[in-house]
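Derivation of every value follows stated rules applied to the coordinates shown; laboratory data play no part. Quantities reported herein were computed from a predicted structural model and do not represent experimental measurements. Cβ atoms come from the backbone with ideal geometry, glycine included; neighbour counts cover every protein chain shown.
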Amino acid sequence: METLRNIDVRLESALEHHRLGLRLVPLRGKIALVRAWQHLHLAEREIVQWGRSGVNWGAITGDPVCVIDTDNDAAESWVKAKRIESSVEVISGGGGRHRWFTAINRQQKRGQNR
């Protein structure tokens, strides 16, 4: 059950990320709650309104990213065994870890191999 304290902590975190320049998208689970979310630019007051309803948040980074979800012990063990590390990790609502990586542009990668 979501408590008011949890909502406040999540809202403060969302506002902090917004102030750092991330474009936020309100989510229900992993589904955007607004159409044309790719073009969304929320104002702080809109983040507060959405945040009070207990939404999850996604962020538009502008860069393609790859996210590895380890929402169970087997997946977490596999990531550790492969020594997969990321400088950006978040804890999911279910308690698993999400590791974020910048996606590699294939054309850039090919050019570097020459």
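Quick look at the numbers
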| item | result |
| --- | --- |
| Cα-projected label distance for E76 with D8, points at 7 Å along beta-carbon direction, nm | 2.9 nm |
| Extension gain, L22 back to H39 (0.36 nm per residue minus Cα-Cα distance, nm) | 4.8 nm |
| Alpha-carbon Rg with Dmax, taken over segment 4-60, Å | 10.3, 31 |
| Cβ-Cβ FRET estimate between A103 and Q49, R0 fixed at 30 Å, reported to 0.05 | 0.40 |
| Neighbour cut-off at most 16 other Cβ (10 Å), DSSP loop, trypsin sites (Lys or Arg not before Pro), segment 1-97 | K30, R35, K82, R83 |
